[in-house]
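Novice: I have a structure I would like to understand better, so I am pasting it below and will then ask my questions one at a time.
The values are calculated or read from the model by the stated rules, or taken from the named source; none is laboratory data. Remember, it's a predicted structure, so these values are computed and weren't measured experimentally. Cβ coordinates were reconstructed from backbone atoms using ideal geometry, including for glycine residues, and neighbour counts include every protein chain displayed. Just so you know, the surface numbers come from the protein's heavy atoms only, side chains and all, with ligands and any DNA or RNA stripped out. Shrake-Rupley method; radii C 1.70, N 1.55, O 1.52, S 1.80 Å.
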Amino acid sequence: MYLKGCSKEHPFLFVTDNNEWPIEPAAPGNLIVFWGTIYKWSVGVQKTVEKVVIVGGGTAGWMSAALLKKVLGSVVDITLIESDQIATVGVGEATIPPIQHVNSVLGLDEAEFLRETKATLKLAIQFENWHRQGQSYFHTFGAAGQSSAFCQFHHYWCRASQWSDTKSLWHYDLNYLAASAGKFSKLQTEDARLDMPYAYHFDASLYGQYLRKISEGLGVVRQEGLVRDVLLNPDSGAVEQLLLDSGQKIAADLYIDASGFRALLLQKALGVGFDDWSHWLPCDTAVSVPSERFEQTLPYTRSIAREAGWQWRIPLQHRNGNGLVYCSRFMSDDQATQTLLNNLESTALAEPRINRFRTGRARQQWQKNVIGVGLASGFLEPLESTSIHLIQSAIVRLLRYFPHQGIQSDVVARFNKESKREYEQVRDFLILHYTQNNRSDCDFWRQMQSLPLPDALQQKIQAFTAQGVLIRDDQDLFAESSWLQVMLGQGLVPRDYHPLAERLDKTQLQAFFQQTHQLKSAAVKKMLAHDEFIDRYTRQ
Ligand SMILES: Cc1cc2nc3c(=O)[nH]c(=O)nc-3n(C[C@H](O)[C@H](O)[C@H](O)COP(=O)(O)OP(=O)(O)OC[C@H]3O[C@@H](n4cnc5c(N)ncnc54)[C@H](O)[C@@H]3O)c2cc1C
């Protein structure tokens with residue numbers, strides 16, 4: 001027997017000569033001396049993972065349950081504990097296109113999904129007053145024009161923008177053309193120029209119920225109960241049992257902490273610490289209220305900058321979801337509530353609710369035998385609707401690295417590294433919106449202009465403004481076209497463009513633009529009004 005890769009952090013890495021795994025060299029708690037260093041043998045981390053307990057029945061809990069059970073099947077037993085005494089956060093209604101992977105893994109019928117969750121289609125977000133009061137732009141899920149191998153479309157457009165008759169970049173973006181016309185259809189075409197990526201707006205509580213129904217249908221056991229205490233193994237420090245209010249104790253090999261902002265296991269019990277990013281993303285409160293739906297629903301989210309934050313409007317089949325995200329140093333709850341109620345444009349259907357939050361993330365998303373998912377692992381605020389996606393990507397990552405034969409510290413480290421990078425990339429994208437504003441009318445927005453930027457974001461902005469170059473990191477959630485649209489929308493203008501854009505003369509370029517626009521606007525003409533699409537599709 002020998003020690004492999006042993007260190008103070010990995011005192012349990014014993015293997016036999018013939019690599020059998022795992023071998024317990026001594027009773028738990030025994031000390032082992034190796035090359036003069038004293039190690040303590042611990043258990044609870046190396047066991048085969050057969051039983052998973054999820055704490056929390058919000059979107060994070062039920063999405064984790066459904067995905068894990070669907071993919072792993074009988075490999076794992078899954079129990080989800082939730083308490084009727086603690087409400088879910090009750091917001092989280094806008095998504096981004098990768099959610100379709102969740103639906104496809106779960107084998108959901110899209111029409112049923114739309115019916116069950118009262119969903120509408122989402123092609124974009126419209127940002128109003130973000131750059132300047134009275135100005136707006138779209139961040140669509142699509143892309144403008146058509147790029148060639150070495151030269152992206154926007155370089156041609158930058159070159160052409162010196163001519164007075166050049167239209168906006170969005171004029172060549174199918175998602176924009178459809179969204180602004182209030183239309184939607186599923187195009188049956190192989191032509192990549194007519195790709196129209198989309199996501200959904202849905203009712204958060206209906207979505208939770210829907211995921212619950214699916215999970216229970218797959219064999220996930222739901223247990224009602226309040227987790228009163230989290231009991232740790234005194235040697236390994238891993239979670240050993242959960243103590244419920246009823247006195248019942250529940251043990252598992254792996255725990256998913258989906259307990260929302262409480263972060264019962266990851267933060268409270270294991271104390272992983274929190275990277276506080278409120279100096280970059282200072283909004284810390286949201287007030288939300290549902291209101292009556294409008295006659296026509298828009299196939300996009302509206303994000304409207306207000307005095308000390310921004311307002312969302314999310315159209316659903318049966319109502320609008322509304323909220324105002326704000327920085328409490330600049331706006332009181334009463335002011336925020338009044339601002340929201342004054343700007344609903346339809347009758348409120350409930351009392352406004354306040355949610356407090358702190359932007360940032362748990363320092364380790366996976367610690368010992370606990371993985372934090374959803375709000376328990378961090379929150380970057382609702383701008384760009386990334387939070388539900390971060391649940392999805394954490395579970396996909398867990399599935400990729402699933403520790404069936406025992407938890408390996410290298411794998412945990414890898415998981416945590418990827419999660420950190422993902423959060424940081426999203427964070428930088430959000431900071432871009434706030435800091436690159438040109439508003440001089442409010443203290444909040446002026447202060448945002450002077451925030452020091454993270455280095456990676458600074459470099460992205462410099463590369464874009466100098467040469468129109470879009471630097472996108474590997475696995476960045478946001479595509480180049482997303483960075484492009486928000487940079488342009490927030491008023492950043494490249495001083496130069498790619499030399500290949502010079503190879504077409506003015507007449508050729510104009511013909512190229514015209515053809516692109518015609519192709520896309522012809523496709524939009526054939527689409528249905530958004531409501532008509534939903535109506536026909538969900539009646540199937
Ligand atoms: C203002 C706001 C707007 C948002 N908008 C969006 C958006 O548009 N798009 C998006 O993607 N995301 C959005 N989010 C984030 C999104 O709401 C969450 O990511 C999502 O709802 C997941 O929440 P959760 O399941 O982690 O937590 P929660 O919904 O808070 O669920 C926590 C669960 O843990 C349970 N629990 C807690 N303590 C205990 C205990 N002791 N014992 C037993 N059970 C316990 C509770 O009962 C509950 O079931 C928004 C968030 C906020 C605050």
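Here's the yes/no breakdown for (1) more than 23 Å from residue 314 (Cβ to Cβ); (2) free of Cβ contacts under 8 Å to residues at least 12 places away in the same chain; (3) not in a helix (DSSP H, G or I):
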{"residue": "390", "(1), (2), (3)": "no, no, no"}
{"residue": "404", "(1), (2), (3)": "yes, no, yes"}
{"residue": "407", "(1), (2), (3)": "yes, no, yes"}
{"residue": "416", "(1), (2), (3)": "yes, no, no"}
{"residue": "419", "(1), (2), (3)": "yes, no, no"}
{"residue": "430", "(1), (2), (3)": "no, no, no"}
{"residue": "441", "(1), (2), (3)": "yes, no, yes"}
{"residue": "471", "(1), (2), (3)": "yes, no, yes"}
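Novice: Next question. Which residues, taken from region 355-374, are within 11 Å of the ligand (Cβ to nearest atom), touching a Ser or Thr at 6+ places or on another chain (Cβ under 8 Å) and open to solvent by less than 60 Å² (accessible area, probe 1.4 Å)? Let's see the steps before the verdict.
Specialist: Our first condition is that a residue be within 11 Å of the ligand (Cβ to nearest atom); within region 355-374, this holds for 355-359, 372-374.
Checking which are touching a Ser or Thr at 6+ places or on another chain (Cβ under 8 Å) leaves us with 355-359, 373-374.
Those that are within 11 Å of the ligand (Cβ to nearest atom), touching a Ser or Thr at 6+ places or on another chain (Cβ under 8 Å) and open to solvent by less than 60 Å² (accessible area, probe 1.4 Å): 355, 357, 359, 373, 374.
Novice: Looking only at region 496-538, filter to residues that are open to solvent by 90 Å² or more (accessible area, probe 1.4 Å) and touching a residue at least 24 places away in the same chain (Cβ under 8 Å); which one of those is farthest from residue 183 (Cα to Cα)?
Specialist: 502
Novice: Take region 95-113 and flag every residue that is within 20 Å of the chain's Cα centre (by Cα), farther than 15 Å from residue 208 by Cβ and of a type outside the set (S, T, N, Q).
Specialist: Residues satisfying the conditions are 96, 97, 98, 101, 105.
Novice: Separate question: Going by the structure shown, is residue 396 in a helix (DSSP H, G or I), over 19 Å from residue 55 (Cβ atoms), of a type in the set (Val, Ile, Thr) and within 16 Å of the ligand (Cβ to nearest atom)?
Specialist: Yes; evaluated as a whole, the condition is true for this residue.
Novice: If I go through region 91-105 residue by residue, how many of them are without any contact (Cβ under 8 Å) to a residue 40 or more places away in the chain and open to solvent by less than 20 Å² (accessible area, probe 1.4 Å)?
Specialist: 1
Novice: Of these, 182, 219, which one is at positive phi and in contact with a His (Cβ under 8 Å, 6 or more places away or on another chain)?
Specialist: Answer to the selection: 182.
Per-residue answers, yes or no, for (1) more than 23 Å from residue 122 (Cβ to Cβ); (2) modelled with pLDDT under 95; (3) in contact with a helix residue (DSSP H, G or I) (Cβ under 8 Å, 6 or more places away or on another chain):
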residue: 447; (1), (2), (3): yes, no, no
residue: 456; (1), (2), (3): yes, no, yes
residue: 459; (1), (2), (3): yes, no, no
residue: 494; (1), (2), (3): yes, no, yes
residue: 510; (1), (2), (3): yes, yes, yes
residue: 528; (1), (2), (3): no, no, yes
residue: 533; (1), (2), (3): no, no, no
residue: 538; (1), (2), (3): no, no, yes
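Novice: What pairs come out if I take residues in region 203-225 that are crowded, with 19+ Cβ neighbours inside 10 Å and pair them with residues that are assigned to a helix (DSSP H, G or I) and of a type in the set (Ser, Thr, Tyr) whose C-beta lies under 7 Å away, six or more apart or interchain?
Specialist: So the pair list comes out as 203/117; 204/59; 207/59; 207/117; 208/59; 210/117.
Novice: Same structure again: Checking residue 264 against (1) open to solvent by 30 Å² or more (accessible area, probe 1.4 Å); (2) more than 10 Å from the ligand (Cβ to nearest atom): exactly one of these is not met. Which one?
Specialist: Looking at each condition in turn, residue 264 falls short on (2).
Novice: Pick from 275, 284: which is away from the ligand (no atom under 16 Å from the Cβ), under 30 Å from residue 322 (Cα atoms) and out of contact with any Asp or Glu (no Cβ under 8 Å at 6 or more places or on another chain)?
Specialist: Matching residue, one of 275, 284: 275.
Novice: Of (1) in contact with a Lys or Arg (Cβ under 8 Å, 6 or more places away or on another chain); (2) of a type outside the set (Lys, Arg); (3) within 10 Å of the ligand (Cβ to nearest atom), residue 325 satisfies all except one. Which?
Specialist: The failed condition is (1).
Novice: Give the residue, chosen from 108, 123, that is buried (at least 20 other Cβ atoms within 10 Å of the Cβ) and either at pLDDT 95 or above or in contact with a Gly (Cβ under 8 Å, 6 or more places away or on another chain) (or both).
Specialist: Exactly one of 108, 123 is buried (at least 20 other Cβ atoms within 10 Å of the Cβ) and either at pLDDT 95 or above or in contact with a Gly (Cβ under 8 Å, 6 or more places away or on another chain) (or both), namely 123.
Novice: Within the group 88, 79, which residue is crowded, with 19+ Cβ neighbours inside 10 Å, polar (S, T, N, Q) and at pLDDT 95 or above?
Specialist: Result: 88 is the single residue among 88, 79 that is crowded, with 19+ Cβ neighbours inside 10 Å, polar (S, T, N, Q) and at pLDDT 95 or above.
Novice: Output the residues belonging to region 328-354 that are out of contact with any Phe, Trp or Tyr (no Cβ under 8 Å at 6 or more places or on another chain), among the hydrophobic types (A, V, I, L, M, F, W, C), away from the ligand (no atom under 13 Å from the Cβ) and touching a residue at least 60 places away in the same chain (Cβ under 8 Å).
Specialist: Across region 328-354, the qualifying residues are 349, 350.
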